[in-house]
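The values are calculated or read from the model by the stated rules, or taken from the named source; none is laboratory data. Just so we're clear, the structure is a prediction, and the values are computed from it rather than from any experiment. As a convention, Cβ positions derive from the backbone with ideal geometry for all residues, glycine included, and neighbour counts pool all protein chains shown.
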Amino acid sequence: MPEISAGLAIVLLLILGAEFVNGWTDAPNAIATVVSTRSLSPRQAVLMAAVLNLLGVFSGTAVASTIGKGIIDPKAVDLITVGGAMVGIILWSSFAARWGIPTSESHALVSGLAGAGWATAGPGVLLWAGWQKVLLGLVFSTFLGFGGGVILMSAVYWVFRRAVPGKVRGLFRGLQILSSAFMAYSHGSNDGQKFMGAFTLALVLGGVLPTFEIPAWVIFLCAGVMALGTMTGGWEIMKTMGMKVTKLATHQGFAAEMAAASTIEFASRMGIPLSTTHTISTAIMGVGSARRVSSVRWGVTGELITAWILTFPICAGISWLVVKVMRYIL
């Protein structure tokens, strides 16, 4: 095995740092509703999310391949490019998490790679095939998430329209634990893979791997780091997602999680990197809107949308600047 240089070691640590932040800031989205409805305690939910995220990472590598060789041209970049992208992700996501803003690590990663790649080799470094999947992911997470939430919630209302409320709550308390587990698993299957792609790209650029093939040890390492990040919790983000967007009962939490998780799993099998944050957020909005449009706190929703939009230019800008500064220094 080729020797790992100091520069490669630093970049790999930065990628693992970004993966940790991903588990810390994104994983709470998977369990926000199950905590807000009190189907599970925060400690139980975090432990479940850590385990299911870990299992989800092992479900495939299609998304990792899109990130590692489909967003920017691997032949036109170097380790400084990848390292600069990770710095942008860590800084922006940590800042947003401090204020309870659930940003998207997916958006942060692709925009960070774009900004760093642009600083390295100009706009020609961007690969349209990969960006088509990114744009498709935006459509999936917005319309399938929201629409799925509306449809599933409407179906639940119709099926249980004559049921006794107390029995419905008891039934969906158990079902929501299953839907939350599915959401955590799907988060790992999509988000967990993204940094595996960046890690493998760095190994190729550093001369450790001859071609872009994801080794088993990379999967284990990235999955484990994300699980550790998940176990640290993201309590402010959990509060925003589970309580501030709309008030959720157990049947509503179930519908939101099933809509979001199904959308994410479908995207993962197609190698589409989409935002799990975006998807569960729009699903929660859809569930709230199925009851009545006014039940959604659209002011909070507007703040979330603003954060999603800002992620692209901010992460791209930070990554671009970091790469330019590093090249000037070195």
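Observations
- The condition of being crowded, with 20+ Cβ neighbours inside 10 Å and at pLDDT 90 or above holds for only one of 250, 282, 263, that being 263.
- Filter result for the condition that a residue is in contact with a Cys (Cβ under 9 Å, 6 or more places away or on another chain) and modelled with pLDDT under 80, over 242, 192: 192
- Selection status of residue 82, β-branched (Val, Ile, Thr) and either within 16 Å of the chain's Cα centre (by Cα) or under 12 Å from residue 117 (Cβ atoms) (or both): yes
- Selected residue (criterion: farthest from the chain's Cα centre (by Cα)) from residues of the range 158-208 that are among the small types (Gly, Ala, Ser) and under 18 Å from residue 85 (Cβ atoms): 206
- Filtering 228, 221, 175 for residues that are more than 17 Å from residue 44 (Cβ to Cβ), part of a helix (DSSP H, G or I) and either modelled with pLDDT of 90 or more or among the aromatic types (Phe, Trp, Tyr) (or both) leaves a single hit, 221.
- Residue check for residue 49: crowded, with 23+ Cβ neighbours inside 10 Å, part of a helix (DSSP H, G or I) and in contact with a Pro (Cβ under 9 Å, 6 or more places away or on another chain): yes
- Against the numbered list (1) basic (Lys, Arg); (2) more than 30 Å from residue 44 (Cβ to Cβ); (3) at pLDDT below 90, residue 133 comes up short only at (3).
- Qualifying positions in the range 187-233 - among the polar types (S, T, N, Q) and either closer than 29 Å to residue 98 by Cα or surrounded by fewer than 24 Cβ atoms within 10 Å (Cβ to Cβ) (or both): 189, 190, 193, 211, 230, 232
Yes/no matrix, rows are residues, columns are (1) within 21 Å of residue 198 (Cβ to Cβ); (2) modelled with pLDDT of 85 or more:
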| residue | (1), (2) |
| --- | --- |
| 56 | yes, yes |
| 60 | yes, no |
| 68 | yes, yes |
| 82 | yes, yes |
| 95 | yes, no |
| 104 | yes, no |
| 150 | no, yes |
| 164 | no, no |
| 171 | no, yes |
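- A search for C-beta distances below 6 Å between a residue of the range 201-225 that is in contact (Cβ under 8 Å) with a residue 60 or more places away in the chain and any residue that is in a loop (DSSP other than H, G, I, E, B) and among the acidic types (Asp, Glu), counting only pairs 6+ apart in sequence or on different chains, returns 205/78.
- Sole residue being on the phi < 0 side of the Ramachandran plot, outside any helix (DSSP H, G or I), in contact (Cβ under 8 Å) with a residue 40 or more places away in the chain and surrounded by 15 or more Cβ atoms within 10 Å (Cβ to Cβ), chosen from 103, 120, 81: 103
- Candidates 172, 146: the one that is touching a His at 6+ places or on another chain (Cβ under 8 Å) and either among the hydroxyl-bearing types (Ser, Thr, Tyr) or surrounded by 15 or more Cβ atoms within 10 Å (Cβ to Cβ) (or both) is 172.
- Residues of the range 154-167 satisfying the condition of being surrounded by fewer than 16 Cβ atoms within 10 Å (Cβ to Cβ) and among the hydrophobic types (A, V, I, L, M, F, W, C): 155, 158, 159, 160, 163, 164
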